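S.K.: Once you've had a glance at the structure underneath, I'll fire off some questions.
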Amino acid sequence: MQQARITDNFRQQKNFDSISRTSRDKKQQKAPELPGAHGEAAVTNYDISAEERLLRAFDLATQYGPCTGMTRLERWQRAEQFGLNPPMQVKELLTGPQGEQLNQCLWDGRV
Amino acid sequence: MGTLDLERPTPSTGQKYDELLSMPGDMMCAEAAAIPRATCEYTPRGQGFLLGKQRSFDRQYAQLYFSRLLKLRQVVQQQVQAAWPGTPVVKILSVGEDQEVAVIGTLYKDMKLKPSILDEYAKQPGFKQALGGTGFCSDDDSLVLEDEGARMSMRSECAELQPDSVVTGVVLAVRGRAEPGGDFVVSGVLWAGLPEQPQRPLPQEDAYVALVSGLQLANSKADMMQVQLLVDFLTGNLGAAPQQQLAAKVVQLVIAGGSLGQLEALAAANPYSRQQTTDMEPVRDMDLVMTELAAALPVDIMPGPDDPANASLPQQPLHQCLFPGAAPYSSFRRVTNPHAFELGGCLLLGTSGQNIDDMAKYTRGRSRLDLLACCLQWCHLCPTAPDTLTCFPFGADDPFVLQQCPHIMLAANQPEFDTRLLEGPGGASVRLVCVPSFIKTGTLVLVNLRTLQCQPLTFQSNYTSS
């Protein structure tokens, strides 16, 4: 039986992953993800839906107060409690089937 | 202090010797009957100050300011419509330069001596640190009004709105016109005013609520004899029949913060050493005192500035594990700071003094009692929160806005005792009390629930020759 050496546990091969890719390899990398509605990738307006656009307008309306730190539904409920008559359409969107995805405000994950 | 309208103790019966100085034996018969303690119905009213288990601290304070402005704007608007009928009320963004308008917003006081976190990064310390924490007012403080859209700086030509007498965070209405330079020149100001006071039923007989604060049992200078005299008085073990009858009329004791103080020795102690057991002695002393009191009368204990509770307002009740002896009593209630409750229809609202202490640093020329009256005038318990007073970041509500005017309002842990009866519109009358720190003055304050008069009692155990 050949004696096992402690150095057998160490990889002696060079780690090829750390070598910089050639330009050919770079072109074959995965295409970047399309910007979503939230998070760091959301930079442009073109890819968001009409509902999201409406909810962003609700976020930026100063008469209902600041929008960071609260979910949109909480902010809507607070606006109603203070008698500011927030639009019902916003509430319907937030309590509808897509409510969970649309509940975070515009700046969530970006600020 | 001038002439305070204090209640004098009831005069003695005129006997030359009371039962303490008479022969024993005669008094052992049924004449020495037990004196029953008066009772009063207690209803807690401070549910808004209790925070739930889920407390999220990542919200910003802008939400709290917005809630405060919205809640008080309606009240201030009614005042404006009553006092200045012809003046239009506009938002800051719509203030023009041609006409006189009224604007409602939150006040911000720009003070250059206010300690700012940015100073820690400044290259030179400057003389802010040299001044210390005594006062941050200077002669060039300026006032800014803010609402949800914009802010504008103000120049006041009105005597009621001077930088020295106001603090940041107050919601008010100002009337004036905008100058071409950009400043808004103020000619009149309106505060939210006292909220509505519910009618209170007058009790038939005298009943007292006892207020004490600042026992500071962890402080090495605390006089245990003085504290024991206080406990003995309240439990009816001190004095002769007149004192016992007075003690029997006390229906509620409120210990408004500062009962433990800072356990300095504990901070330095090794967690595994035997010394820690001795350093925790003050906590056991506090529990013993509370057990004796809770066995005799209902006690409400509030946390104070240095007590082992959270530092931000509203302070949550002290934990049950600090009171293994007293907690089983149903008469012992651990409550929040600020605390609001109702005793037989009489509404009491009190804090352990952090709000008044903070306001005193940012104003000049106002006594502590004046500041307490201002809190009522401004309809807000601690307007400087969250600017200079740490506060929980509330989102949908501001629980410090006063909804109802209390009958008794107190601020504890103050340097000296002071009291005044404040008369408000609509027949409202509020007893304002500054409860002094017990370790400094040895004073217990009794407030009569029938007449709303105060009776301070001082306990002294120090008989040096003088």
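S.K.: What's the average, rounded to a whole number, of partner chain beta-carbon atoms within 10 Å of each residue's beta-carbon in B:148-161?
M.R.: Going residue by residue through B:148-161 and averaging, the value is 1.
S.K.: Among all helices in chain B defined by DSSP H, which have a length of 15 Å or more along the axis from Cα atoms plus a Kyte-Doolittle mean of at least 1.0?
M.R.: Flagged H segments are B:224-235.
S.K.: While we're on this one: Could you give log10 I(q)/I(0) at q = 0.08 Å⁻¹ for chain B, computed by the Debye formula over C-alpha point scatterers of equal weight, without solvent?
M.R.: Listed by q, the Debye log ratios stand at -0.54.
S.K.: Inside 10 Å of the C-beta atoms of B:70-76, what's the mean count of C-beta atoms belonging to other chains?
M.R.: 2
S.K.: Given the pairs A:K91/B:K71; B:K114/B:K440; B:K71/B:K91; A:K91/B:K91; B:K221/B:K361; B:K71/B:K114, which are separated by over 24 angstrom at their Cα positions?
M.R.: B:K114/B:K440; A:K91/B:K91; B:K221/B:K361; B:K71/B:K114
S.K.: Does anything in the range B:139-153 have its amide N under 20 Å from the 7 Å Cα→Cβ label point of A:Q81, and if so which residues?
M.R.: B:148
S.K.: Which of the aspartates and glutamates could be linked to B:K249 by a straight reach, that is with a Cα gap under 12 Å, when you skip same-chain ones fewer than 8 residues away?
M.R.: Within reach: B:E205, B:D206.
S.K.: Only helical DSSP H runs with n ≥ 4 go in: add -39500 (n - 2.57) per run for chain B, normalise by residue count and round the 222 nm mean residue ellipticity to 500 deg cm²/dmol.
M.R.: After summing the helix terms and dividing by the residues of chain B, the value is -6000 deg cm²/dmol.
S.K.: Between the alpha-carbon centers of the range B:162-222 and the range B:410-453, tell me the distance in whole angstrom.
M.R.: A separation of 15 Å, based on Cα centres.
S.K.: Hey, another quick one. Would you mind counting up the charge near B:I301? Only other residues with Cβ under 12 Å from its Cβ, with Lys and Arg at +1 and Asp and Glu at -1.
M.R.: For residues surrounding B:I301, the net value is -1.
S.K.: Whole Å is fine, so just give me how far the alpha carbon centre of the range B:43-88 lies from that of the range B:281-340.
M.R.: That distance is 29 Å.
S.K.: In percent, what relative contact order does chain B have, based on Cα pairs under 8 Å that are 6 or more apart in sequence?
M.R.: RCO, chain B: 20 percent.
S.K.: Next up: Taking B:K53 as the anchor, which aspartates and glutamates have their alpha carbon closer than 19 Å to its alpha carbon, excluding any fewer than eight residues away along the same chain?
M.R.: Answer for B:K53, where 19 Å is the Cα cut-off: A:E74, B:D397, B:D398, listed by chain and number.
S.K.: OK, next. With a ≥ b ≥ c the root eigenvalues of the C-alpha gyration tensor of the protein assembly as shown, is it rounded (a/c under 1.5), prolate (a/b larger than b/c) or oblate?
M.R.: oblate
S.K.: Looking at the square roots a ≥ b ≥ c of the eigenvalues of the Cα gyration tensor of the range A:50-111, which shape do they give, rounded for a/c under 1.5, prolate if a/b is larger than b/c, or oblate?
M.R.: It is oblate, given that a/c is not under 1.5 and a/b is not larger than b/c.
S.K.: So who's got an amide H within less than 5 Å of the one on B:L444, skipping anything under 5 residues away but keeping other chains? H placed 1.01 Å off N, in plane.
M.R.: Here the answer is B:L457, B:T458, B:F459, since their amide H atoms fall under 5 Å of that of B:L444.
S.K.: Label the range B:189-306 by shape, choosing from rounded, prolate and oblate, from the square roots a ≥ b ≥ c of the eigenvalues of the Cα gyration tensor; if a/c is under 1.5 it is rounded, and otherwise prolate applies when a/b is larger than b/c, oblate when it is not.
M.R.: Oblate shape, in that a/c is at least 1.5 and b/c is the bigger or equal ratio.
Computed from the coordinates by the stated procedures, all read-outs in this text should not be read as laboratory data. What you see is a predicted model; the values in this text were computed from it and never measured. All Cβ positions, glycine included, derive from the backbone under ideal geometry; neighbour counts span all protein chains shown.
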